[in-house]
Every structure is written in structure tokens, then in C-alpha cells.
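Q: This is the structure, below, for whatever I ask next.
Computed from the coordinates by the stated procedures, all read-outs in this text should not be read as laboratory data. Nothing here was measured: the structure is a model prediction, and the numbers come from that model. Cβ coordinates were reconstructed from backbone atoms using ideal geometry, including for glycine residues, and neighbour counts include every protein chain displayed.
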Amino acid sequence: MSKILVVDDEQAICWGIVKLGQSLGHSVETAASAEEGLRLARDLRPDLLVLDVRLPGMDGLTAMNEFRHCLGDAPMIIITAFGDLETAVKAVQGGAFEYVLKPFELREIRSVMERALHRVPRTDPLAISNDGHQMVGSTPAMQTLFKRIALAADSDANVLVLGESGVGKELAARAVHQYSPRADKPFVAVNVAALSPHLAESELFGHVEGAFTGAAGERKGLLMQADEGTLFLDEVADIPLPLQVKLLRAIEQGEVLPVGSDTPVKTSFRVVAATHQDLLTRVRAGDFRQDLYFRLCAFEIAIPALRDRVEDIPLLACHFLSQFRSGALIFAEETFKELKQRPWHGNVRELRNAIEHACVVAREGAVLPRHLPEPQPCFDMAADFGARQPQLTEASSLRATELLNDPTAFGTVYNRFLDEVERPLLDHAMKHFDNECAPAARALGMHRTTLKKKLEQHKLSAHDNGE
């Protein structure tokens, strides 16, 4: 039988945990404040502490150090209904065995208590971050995200951040760095899609003097610049295959080989990678190395789309408003209603731009729905296709029948049909993205090099913003 101390000012929570603990054969004591809990802990010497964050008097996070003196190495479970990133990180850094969000189900708290009492280690790797960038949200989806970021706080495990464009993947990466032991070291952000294909190796790994034409001096690559800090690889799915091999070796061996050099340079960096693509699909297609994938995703953080946390929209809107206009503007209730109804295909980035636009138009007083820009169209070509699939299927069937009945097309029907479909798709994609290869390739789900070859084949113009 173990001794459990529950410190929470909500009687219903205490009653539920008392009944649960007793049903498991343990003795359970409760306290309604940290001060009362500390007095009990000195006499009781509990084997497990369940501690709420919001308490009358001293708060739970402040009391953690005091409880540690009484409890020794006994585990502490932190519970709260007001989870945010800072709270989650402080709980983990303060030595909490686990961080549980209210409301929780009995089976969830039971599992945590049993693991704590039997010292079953958590299965989640840990890591943490640096930079003053702020993530905003109070919904359960965001509190879960904050917990995932906080859990990345105690180790050097590489992290893969997943999410749609505009959800804040770089903010999450910076948060992972901000609360880590590497926080006072460099945070080097690399947008892989923006790297020039011809100079990507030199940009990442550096080069020695004379390594190639134009290499007048030695260059320290981005991987070496991130030494002892964090390397953030945005759009990691776009790394060319030849460079994936070299990056894998750099991560595994802890050394970088500059272009033109025979002598590797020792380095130590932690990788946080991000992508909006399905990397496993890229692995199956042969465009991404499986061994590199497993190296990068020791721990995954998935960021929810804005449409999956609609209740956070007013909070985000007020946050952005305070950045653009301090106190000069307020939101009308009908504006909040309009904001919550929009699809936000561009996620938080689109919302931020909409609020900035409204600030420029409204100037002072109340922000009304008419001050907002028009909703942006969906840039997801797969979604556009799905909406018009019946019409497209009918048109495709008619064209296939025409070609099959055309004697002059015999033996070339397949290639002619594909050419007729592929060319307008690529042409539309390039116009849609202002002739920029990198974003068009990401929307189409193909590698930038493959897209450029297709464009040359169909004699379509384009330019690459990485060159």
C-alpha cells in the first residue's frame, strides 16, 4: 500500500482521486492549498503527490520546489485546467513525473498514477526551446500541443514537426529550442525549398577555398553554424536525395564534411525538422530515405489546423490586434462571429494577415466584418479537384473515347491523353504561384527537380526562387 497526497481546491477532483486511490489499495490524503499540503507532506511523507497548478495562496508550480524537499525523489503529477506552453514547460523542468490536463478521465489519471508508483518511465522522448516567439491558444488541442513541446524538454532527441502551411511550425521549433539546455546557443533556420539546387551542398555543409569555380575563400556551412545549438530544417521533404545521404552521416557521426575537403569537422547540433507533406509517402515513392526519416522523427509534434481549434480564433485575433494597434481598436461581436465562420485555408498566417489588413482599414473604434479582407480561396489543388471530380470524370471519359476511336492516335493514346491533361495542370499551377517552382511543386506533391523537367518537356516557363 502506497501513501498518496492530493493537493487541489476542487472537492470533486479530490473525491474522485481518493476513491480511485482507495480502490487500488492505497491510502489517500487531501489538501485544499499548497500550504496545507506542505504541512501534511512533512508528516505523511507520501509516495506520490498529485498537485494542482491554480491554488489559493501559493500556486502549485511555485510549491514544487518546497514539496521536493519533503518528498525526496517521490514522483509528482501536475494537473491543471489552464494549460499553456509556459506552464507545461515549468512543470516538466520542475521534475514533474507527468502533466495532466483537466478535465481528465479516471482511466487516464489511473494509468499515470500506476506508472508513477511503479516508476514506469514515460515513453515520450523529451526536448525543449528558445526565442521570444509566442504561441497562443487555450483549446484542448493547443494544450495538448503545449504538452508535447514541453515533453521535448529533457533530451536531445530529434523532432519532426508536422502540420499544414501557416499553422506555426517554425514557432513550435523555436519553442522546442527556447526551453532546451541549448537555449543560449544558435538557432539556425533553413528553408530547404529556398536553397539553390546548385549551391545547396555548399550552403549546408560549407566549402574550402578552391572547392569549385567562384569559391574564393572558406565558407562555414549552416550545419556548422548550428554547432551546440538547434538546426531547424523547414520543408525537409525537399532535400535532394544526394544530400540526404550526407545529412544522415552528419547527424549519425556528429561531423560535417565541407565541399572540397577531406577532413571532417566535429559538430553537435540538434535537428528540428518540419514539413506539410507526408514523409512516409515520400519514402514509399523513393524520394526520401527511410533511414533519414527515422533519424529525424525520434519525436513527433503535430500542430492542429486552425479549423480544428475554432474557439482559439478570438484569442488569436486579439493577440494580433495588440501587436498592430495597442488599445486603439476593439472587435465587434459580429466580427468574431465572421472570423469563426471562415475556412482559414492559410491557417494562423492567413488570420494574422487578415487582422493586419483590418487594422489598416478600420484605423480606430471597432473592427467590423466589412474591414476584413475577402476570404482567400483554397490553394489545395486536391480539394479543388475533388469538388469538380464528377464533371472532370465525364470530360475525361469523352476524350478517352474520342482518342480510342481515332485511327491516327492508335498506339499513342496513353501518352497523348496524359500530355493533354498534364500540360494545363502544370501551366495553371505555375500561374497560380507566380511562376515559382518551389511552392508549385509542394502543392502538386512532386519534387522541384521533377517539376522543372516536366516544365521543360512541355515548354512551359518558370523560374526557381532558389537560384
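Q: Answer with one residue from PHE410, LEU145, PHE320: the one whose Cα lies farthest towards the positive end of the charge dipole of the chain, charges on Cβ with Lys, Arg +1 and Asp, Glu -1.
A: Ranked along the dipole, the leading option is PHE410.
Q: Please give the charge dipole size of the range 140-302, origin at the Cα centre, charges +1 on K and R Cβ atoms and -1 on D and E Cβ atoms. Round to the nearest 20 debye.
A: Values: 16 positive and 21 negative charges, 64 e Å.
That gives the range 140-302 a dipole magnitude of about 300 debye.
Q: Dividing the alpha-carbon Rg of the chain by 2.2 N^0.38 Å yields what?
A: Taking the Cα Rg and dividing by 2.2 N^0.38 Å, one obtains 1.20.
Q: Based on DSSP H runs of at least 4 residues, each adding -39500 (n - 2.57), what is the mean residue ellipticity at 222 nm of the chain after dividing by all its residues, to the nearest 500 deg cm²/dmol?
A: Counting only the DSSP helices, I get -13500 deg cm²/dmol.
Q: Pull out the extension gain between ARG284 and ASP184, defined as 0.36 nm times the separation in residues minus the alpha carbon to alpha carbon distance; nm, one decimal.
A: Gain on extension, ARG284 to ASP184, equals 32.2 nm.
Q: Using a basic spin-label model with each label point 7 Å from the Cα along Cα→Cβ, how many nm lie between GLU311 and GLN341?
A: For the pair GLU311/GLN341, the computed spacing is 2.1 nm.
Q: Given N residues in the range 140-302, what is Rg(Cα) / (2.2 N^0.38 Å)?
A: Computed over Cα atoms of the range 140-302, the ratio equals 1.04.
Q: Where nothing but the Cβ of Lys and Arg (+1) and of Asp and Glu (-1) is charged, how large is the charge dipole of the range 406-467 around its Cα centre, in debye to the nearest 20?
A: Computed charge dipole of the range 406-467: roughly 120 debye.
Q: I'd like the antiparallel share, as a percent to the nearest 5, of DSSP beta bridges with both residues in the chain.
A: 5 percent
Q: Provide the per-residue ³J(HN,Hα) series for the range 272-286, in order, calculated from phi with Karplus coefficients 6.51, -1.76, 1.60 and θ = phi - 60°, each as a whole number of Hz, with x at glycine and proline positions.
A: 10, 10, 9, 7, 9, 8, 8, 5, 5, 5, 5, 5, 5, 7, x
Q: Can you work out the FRET efficiency for the pair GLU356 and ASP291, with r the C-beta to C-beta distance and R0 = 56 Å, to the nearest 0.05?
A: The value I calculate is 0.85.
Q: Convert each backbone phi in the range 190-196 into a coupling constant with the Karplus relation 6.51 cos²θ - 1.76 cosθ + 1.60 (shift: θ = phi - 60°), then list the ³J(HN,Hα) values in order as whole Hz, x for Gly and Pro.
A: Calculated HN-Hα couplings, in order: 10, 8, 4, 5, 8, 6, 5 Hz.
Q: Pull up all non-local amide H partners of LEU48: gap of 5 or more, or a different chain, and H-to-H distance under 5 Å with H placed in the peptide plane.
A: Residues meeting the criterion, in which the H sits 1.01 Å from N, are LYS3, LEU5.
Q: Can I ask one more? Hey, got a sec? Which GluC sites (Glu not before Pro) in the range 179-284 land in a DSSP loop and have at most 13 other Cβ atoms within 10 Å?
A: For GluC sites (Glu not before Pro) across the range 179-284 that sit outside H, G, I, E and B with at most 13 neighbouring Cβ atoms in 10 Å, the list reads GLU209, GLU228.
Q: Can you work out the Karplus-derived ³J(HN,Hα) for every residue in the range 175-181? Use 6.51 cos²θ - 1.76 cosθ + 1.60 with θ = phi - 60°, whole Hz, and x for glycine or proline.
A: In residue order, the calculated couplings are 5, 4, 6, 4, 9, 9, x Hz.
Q: Rounded to the nearest 20 Debye, what is the dipole magnitude of the range 219-303 about its Cα centre when Lys and Arg each give +1 and Asp and Glu each give -1 at the C-beta?
A: Result for the range 219-303 is approximately 180 debye, rounded to the nearest 20.
Q: Say the dipole of the chain comes from +1 at the beta carbon of Lys and Arg and -1 at that of Asp and Glu; which of VAL256, GLY95, TRP344 then lies farthest toward its positive end?
A: GLY95
Q: Follow-up. Restricting to the range 140-302, compute how many DSSP beta bridges are antiparallel as a %, nearest 5.
A: 15 percent
Q: Let me ask something else about it. Taking a 27 Å limit on the Cα-Cα distance, which of the listed pairs LYS220/LYS431; LYS431/LYS454; LYS169/LYS340; LYS246/LYS453 fall beyond it?
A: LYS220/LYS431
Q: Using a Cα-Cα cut-off of under 28 Å, which lysines could be cross-linked to LYS3, ignoring same-chain neighbours fewer than 8 residues away?
A: In chain and number order, the partners are LYS19, LYS90, LYS102, LYS147.
Q: To continue, here is another question. Give the calculated FRET efficiency between GLU255 and GLN134 to the nearest 0.05, with a Förster radius of 45 Å applied to their Cβ-Cβ distance.
A: 0.80
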